[in-house]
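Here, each number is a calculation from the coordinates, and none is a lab measurement. Computed from a prediction, not measured in an experiment: that's the story for all the values here. No Cβ is skipped: glycine too gets one built from the backbone with ideal geometry, and neighbour counts run over all protein chains shown.
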Amino acid sequence: MRREAGLAATRFHDLRHTAATLLLAMGVDPRTIMQTLGHSQISLTMNTYAHVLPALQAEAAAKMNTILGGRQITEKTS
């Protein structure tokens, strides 16, 4: 059925990585993600499952710039 749909083989464990990353990208609190995945320590969740996305890094840098009194940074498009 998976092959007929043209989908790649995906392990159940891979879905946990995807879920953690997507929840983080949507701004869900890391402790909530930890509980959703059933972990007892937030370090396991954040170090193992939550991959930092470039857009989140850019957003964090822009927020830091704003709080430190810098000018608003906007992304340039080509």
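Miscellaneous remarks
- Residue under evaluation Thr32, criteria (1) free of Cβ contacts under 8 Å to residues at least 24 places away in the same chain; (2) surrounded by 12 or more Cβ atoms within 10 Å (Cβ to Cβ); (3) in a helix (DSSP H, G or I), criterion not met: (2)
- Taken over the range 1-19, the criterion of being among the aliphatic types (A, V, I, L, M) and either assigned to a helix (DSSP H, G or I) or surrounded by 10 or more Cβ atoms within 10 Å (Cβ to Cβ) (or both) is satisfied by Leu15, Ala19.
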